[in-house]
Amino acid sequence: MTAMTTMTTTTGAPPATSVTTADASVQLHLDGAWLTVCAAARLTPGRGVAVLLPDGRRQAALFLDRTGHLYAIDNRDPFSGAAVLSRGLVGSADGRPFVASPLLKQRFDLGTGRCLDDDEVGVGVYEARISP
Amino acid sequence: MDTDAPVAAMDTAPEKTLVLIGHGMVGQRFLEALAEQGLTATHRVVVLCEEPRPAYDRVQLTSYFSGRTPDELSVTDTEFIEKHGIELHLGDPAEHIDRRARTVTSRAGRTLTYDTLVLATGSVPFVPPVPGKDAAGCFVYRTIEDVLAIEAYAKENATTGAVVGGGLLGLEAAGALQGLGLGTHIVEFAPRLMPAQVDDGGGAALLRTLTGRGLAVHTGTGTQEILTDEAGAVRAMSLSDGSELDVDLVVFSAGVRPRDQLARDCALAVGERGGITVDERCRTSDPAVYAIGECAQAADGRVYGLVAPGYEMAQTAAAAIAAGDDCDAAFTGADMSTKLKLLGVDVASFGDAHGATDGCLDVAYADSRSGTYKKLVVGADGTLLGGVLVGDTEAYGTLRALTGSVPPVPAEQLVLPAGAGAAPALGPEALPDDAVVCNCHNVTKAAVQACATLPEVKKCTKAGTGCGSCVKLIGQLLPQSGDQGLCGCFAQTRQELYEIVRTLRVASFRELLDRHGRESARGGEGCETCKPAVASVIASLAPAIGADGYVLDGEQAALQDTNDHFLANLQKNGSYSVVPRIPGGEITPDKLIVIGEVAREFGLYTKITGGQRIDLFGARVEQLPVIWARLVDAGFESGHAYGKALRTVKSCVGQTWCRYGVQDSVRMAIDLELRYRGLRAPHKLKSAVSGCARECAEARSKDFGVIATASGWNLYVGGNGGATPRHADLLAQDLDDAGLVRLIDRFLMFYIRTADRLERTSAWLERIDGGLDHVRDVVVDDSLGICAELEALMADHVTHYRDEWAETLADPDRLARFVSFVNAPEAPDPLVAFVPERGQIKPDLPLLTLRPLEGSSAR
């Protein structure tokens with residue numbers, strides 16, 4: 001996690017940030033404040049992790065892509081109701097990263113939460129950053 | 001439909017009646033042609049069929065011995081028969097025709113009054129009048145019933161058989177005897193094999209190859225007498241050269257004769273050498289009576305014994321009946337082209353194969369070493385007139401279609417093997433639009449190219465549904481569906497990527513994507529299709545390319561589907577199921593108790609699987625390491641139920657306990673399961689071993705199934721259950737233990753190398769060029785010279801196998817990912833909850849709202 005990558009934000013994407021140091025931590029923006037969730041070193045490019053939010057019920061799925069961009073979306077797969085999106089595979093289509101649900105493989109844009117296979121479905125997105 | 005009382009004359013019926021005598025391949029084709037002409041709507045159609053089963057593929061009769069069942073040989077669609085209201089009477093041959101009263105009487109006593117009568121009675125095998133020809137153990141080779149009788153007799157009474165006749169059917173029959181495990185002789189009166197199709201050079205190439213395959217061929221020799229023992233059963237045959245062959249089964253396959261007795265009895269005209277005389281519309285001397293197929297002598301004076309001309313006659317007769325006097329359909333003779341695979345040797349002949357045309361010239365290429373012989377017959381002006389191909393019939397489709405025209409390159413370049421100074425192989429694009437691509441159904445290149453896909457071609461034109469020899473050419477003529485690529489990221493197929501990874505030793509997905517991916521996908525993330533596919537290829541080749549075999553290391557971790565990532569099977573509510581390996585389905589009571597204890601302790605739903613193991617459901621992700629620690633401690637390993645990998649090798653209890661068993665099936669199943677455990681493949685692999693032919697382990701529904709014989713093991717491949725069940729095909733017989741394992745090694749590695757992503761062995765076997773025969777050539781006869789390499793790859797796999805769960809538990813870094821939440825590792829997922837059912841748990845579904853992909857509303 002020592003890559004020095006400058007973020008570029010695509011339209012509609014939540015702020016992502018560049019990874020700076022090995023002991024950096026990952027933060028989510030919730031209710032006007034930044035919540036530290038884990039060390040940046042816990043993330044593997046191309047995979048996600050689940051985060052339990054303070055209400056003890058809602059969950060976020062955090063992803064790191066191969067260029068060091070960070071993304072966070074709701075972890076609940078709207079098609080199955082199960083909290084599994086963090087366990088899906090990250091891919092990219094037309095240069096935009098997505099995660100494919102591990103259950104029935106519907107894809108969700110990591111920047112916007114929009115489902116790429118069903119215009120009427122989407123998931124929430126969170127701002128995420130890496131802070132030293 | 002057979003049980004109704006004999007039907008009296010139906011003179012009162014308002015519609016006309018058409019009676020068809022004979023329901024073979026040509027009869028069935030005729031019915032289809034009737035339906036196409038709309039005649040089934042205006043006629044009552046009644047069919048009298050002598051055989052106890054509806055029309056089947058007689059051409060492929062020998063494939064019964066490689067595992068095709070009589071049902072699979074059927075060419076009759078019962079829906080078609082019902083839809084068109086055709087009355088089909090099986091097992092009830094016509095016995096008498098009264099042309100004056102226009103009635104047909106059947107053996108069961110049906111009397112049918114016809115307006116139109118069609119004879120499609122086929123032919124009967126010719127049995128030369130040698131003494132002893134009716135002894136027990138003498139057979140002909142014509143029907144499924146013949147085949148079943150030969151099989152039954154051979155099993156009980158025979159070790160060596162002889163086929164009288166070395167023509168096309170004789171070689172088919174010889175293949176059948178070999179398939180039954182008999183020592184096989186072929187006795188042919190002519191100086192060469194297949195005298196009607198090939199010339200001396202082709203016959204010689206064929207002879208060499210067949211002799212090399214263990215057949216004893218006696219050409220230029222007649223059969224004088226069948227010698228019998230005291231019980232009247234065959235014990236030997238004496239030949240015209242004075243020698244005697246010790247055989248206990250004889251199959252006569254010395255040609256066929258038109259079956260024209262019904263016609264003779266009612267005084268229809270027949271040819272001098274047999275065959276009901278018909279005109280160009282297939283009408284006999286009585287305009288109300290037609291004859292088609294092998295029972296007829298066509299307008300050109302010939303009796304055609306091939307199915308393609310029979311089909312053409314069927315079409316012609318149907319068109320003639322529909323059009324009445326305005327008919328312009330005509331059958332004036334047919335091409336005798338054939339392409340076959342006989343005893344594993346490709347043989348083709350087309351056009352003027354014997355060079356009978358005045359002033360024609362031969363161009364020939366012969367290579368005795370490889371058993372290849374190719375001859376083209378060319379007219380003085382360069383027109384291609386015909387040819388013979390033995391050993392390599394690759395160019396058959398193109399050459400046959402070019403027959404009658406001057407090929408765009410000199411003839412000699414058409415027979416030279418690639419790389420021997422030959423011009424680039426003449427592609428199908430060189431064919432003229434009116435070139436006939438499918439001979440069986442007389443379909444031109446232009447008609448094929450009017451369709452977009454092979455299924456469409458088959459549906460719309462019937463091309464490729466006869467003998468199937470043109471399917472390859474059709475594939476080449478169709479638009480290559482633009483993009484055969486694996487996904488949006490790679491333009492290559494899985495097989496091509498496999499070769500790139502193997503030869504360039506690419507052990508990294510990123511490197512593969514950035515160097516070999518589509519331009520637009522380079523530098524990207526890949527996608528959910530290519531990542532697991534490439535991960536599987538890298539895992540299959542790991543030892544050979546220097547990659548780590550552990551699927552969760554480094555970059556590979558990010559490629560695996562969630563099941564591989566967590567080494568468990570994700571279920572619908574986000575919980576996982578756990579399947580420990582139980583090799584061969586054999587388990588000690590102590591280990592069984594451990595599974596029970598673990599399940600009880602963690603409250604897991606417990607179910608016996610179809611593969612003879614136990615599935616434990618409802619584990620949360622953070623419980624997986626704890627559960628597996630207990631299982632590994634008790635000696636269990638990963639069952640790879642989560643992977644595209646070997647699942648189980650089922651077994652029956654075998655010789656050790658079962659009174660029918662002939663081999664130790666449990667031991668073999670365990671050996672195989674331990675050998676191939678963890679092997680990553682394009683799709684999951686299932687196997688089974690049965691201890692005798694009763695097949696209690698259901699091995700023929702598996703990707704590779706093993707069935708014990710008295711002398712070893714039979715290996716079946718390409719079986720499948722599921723949505724598209726398929727019986728596995730016999731790959732090889734009576735193998736010893738080492739031979740069986742070696743062949744499975746090769747088969748699996750060849751499959752892994754050449755299959756598409758998520759393509760089971762059954763679909764793969766059906767898809768690849770040459771099918772089972774090709775696979776057998778490669779893995780049994782080593783035709784590509786890659787067997788040593790395939791074996792080495794498998795040896796690497798076996799050497800480097802490690803239990804993924806034991807490795808995971810031993811490494812804290814690897815264990816770190818098995819947490820519910822990165823910020824609350826111990827907190828259970830609140831959405832994973834269960835309710836009781838039948839004394840166990842099930843997912844609490846009200847928590848979930850499972851919806852199909854379509855029509856979903858917003859979150």
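The values are calculated or read from the model by the stated rules, or taken from the named source; none is laboratory data. This one's a predicted model, so the numbers in the text were calculated from it and none came from an experiment. Using ideal geometry, Cβ is built from the backbone for each residue, glycine included, and neighbour counts are taken over all protein chains shown.
Overview of results
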read-out: Qualifying residue in the range B:791-803 (condition: under 13 Å from B:V717 (Cβ atoms), touching a strand residue (DSSP E or B) at 6+ places or on another chain (Cβ under 8 Å) and of a type outside the set (A, V, I, L, M)); value: no
read-out: Out of B:G166, B:G170, B:G181, B:G201, sole residue that is under 30 Å from B:G387 (Cβ atoms), in contact (Cβ under 8 Å) with a residue 40 or more places away in the chain, of a type outside the set (A, V, I, L, M) and part of a loop (DSSP other than H, G, I, E, B); value: B:G166
read-out: Residues that are crowded, with 24+ Cβ neighbours inside 10 Å and small (G, A, S), drawn from the range B:701-748; value: B:G705, B:A708, B:G718, B:G719, B:A728
read-out: Hey, A:L89 modelled with pLDDT under 90 and either surrounded by 23 or more Cβ atoms within 10 Å (Cβ to Cβ) or closer than 20 Å to B:P532 by Cα (or both) or not; value: no
read-out: Sole residue being farther than 14 Å from B:F65 by Cβ, surrounded by fewer than 24 Cβ atoms within 10 Å (Cβ to Cβ) and in contact with an Asp or Glu (Cβ under 8 Å, 6 or more places away or on another chain), chosen from B:G170, B:G132, B:G165; value: B:G132
read-out: Criterion (surrounded by fewer than 19 Cβ atoms within 10 Å (Cβ to Cβ), assigned to a strand (DSSP E or B) and in contact (Cβ under 8 Å) with a residue 24 or more places away in the chain) met by exactly one of B:A348, B:A364, B:A322; value: B:A364
read-out: Qualifying residue in the range A:66-76 (condition: facing another protein chain (nearest Cβ under 9 Å), at pLDDT below 90 and crowded, with 21+ Cβ neighbours inside 10 Å); value: yes
read-out: Qualifying position, being crowded, with 24+ Cβ neighbours inside 10 Å, out of contact with any Gly (no Cβ under 6 Å at 6 or more places or on another chain) and of a type in the set (G, A, S), among B:A629, B:A634, B:A669, B:A697; value: B:A697
read-out: Count of the range A:80-100 residues which are facing chain B (nearest Cβ under 9 Å) and not in a strand (DSSP E or B); value: 9
read-out: Selection within the range B:707-761 - of a type in the set (F, W, Y) and not in a strand (DSSP E or B); value: B:F747, B:F750, B:Y751
read-out: Residue under evaluation B:R760, criteria (1) in contact with an Asp or Glu (Cβ under 7 Å, 6 or more places away or on another chain); (2) more than 20 Å from B:L679 (Cβ to Cβ), criterion not met; value: (2)
read-out: Single residue of B:G574, B:G554, B:G523 found to be surrounded by 21 or more Cβ atoms within 10 Å (Cβ to Cβ) and either of a type in the set (K, R) or within 13 Å of another protein chain (Cβ to nearest Cβ) (or both); value: B:G574
read-out: Candidate set from the range B:71-94 (those that are in contact (Cβ under 8 Å) with a residue 40 or more places away in the chain and acidic (D, E)); member that is farthest from B:L262 (Cα to Cα); value: B:E72
read-out: Cross-chain or 6+ apart pairs with Cβ under 7 Å, the range B:828-845 first and within 14 Å of chain A (Cβ to nearest Cβ), then of a type in the set (D, E, K, R) and surrounded by 15 or more Cβ atoms within 10 Å (Cβ to Cβ); value: B:P828/B:R620; B:D829/B:R620; B:V832/B:R620; B:P843/B:K572
read-out: Qualifying residue in the range A:40-54 (condition: modelled with pLDDT of 70 or more, in contact with a strand residue (DSSP E or B) (Cβ under 9 Å, 6 or more places away or on another chain) and on the phi > 0 side of the Ramachandran plot); value: yes
read-out: Matching residues, the range A:29-53, being in a loop (DSSP other than H, G, I, E, B) and more than 10 Å from chain B (Cβ to nearest Cβ); value: A:D31, A:G32
read-out: Top-ranked residue in the range A:105-132 [being of a type outside the set (G, A, S), part of a strand (DSSP E or B) and farther than 28 Å from B:N563 by Cβ; ranked as farthest from the chain's Cα centre (by Cα)]; value: A:I130
read-out: The range B:610-662, residues that are farther than 27 Å from B:S820 by Cβ and part of a strand (DSSP E or B); value: B:L646, B:R647, B:T648, B:V649, B:K650, B:S651
read-out: Near pairs, Cβ below 8 angstrom, 6+ apart or cross-chain, from the range B:811-825 (more than 21 Å from B:G618 (Cβ to Cβ) and within 7 Å of another protein chain (Cβ to nearest Cβ)) to any residue that is assigned to a helix (DSSP H, G or I) and not aromatic (F, W, Y); value: B:V822/A:R42
read-out: Residue check for B:T284: in contact (Cβ under 8 Å) with a residue 40 or more places away in the chain, in the same structural domain as B:T105 (by TED's automatic domain parsing) and out of contact with any Pro (no Cβ under 7 Å at 6 or more places or on another chain); value: yes
read-out: From B:A542, B:A491, B:A446, residue being outside any loop (DSSP other than H, G, I, E, B), surrounded by 16 or more Cβ atoms within 10 Å (Cβ to Cβ) and out of contact with any helix residue (DSSP H, G or I) (no Cβ under 6 Å at 6 or more places or on another chain); value: B:A542
read-out: Positions within the range B:517-536 being of a type in the set (S, T, Y) and farther than 8 Å from B:C489 by Cα, in sequence order; value: B:T529, B:S536
read-out: Test for B:L512: is it crowded, with 21+ Cβ neighbours inside 10 Å and at pLDDT below 90; value: no
read-out: Breaking point among (1) buried (at least 22 other Cβ atoms within 10 Å of the Cβ); (2) more than 17 Å from B:K531 (Cβ to Cβ); (3) at the interface with chain B (Cβ under 8 Å from one of its Cβ atoms), for A:A60; value: (3)
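Conditions tested, residue by residue: (1) in contact with a Phe, Trp or Tyr (Cβ under 7 Å, 6 or more places away or on another chain); (2) over 30 Å from B:A135 (Cβ atoms).
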| residue | (1), (2) |
| --- | --- |
| B:L249 | yes, no |
| B:P258 | no, no |
| B:A269 | no, yes |
| B:R283 | yes, yes |
| B:A288 | no, yes |
| B:A296 | no, yes |
| B:D300 | no, yes |
| B:L306 | no, yes |
| B:T332 | no, yes |
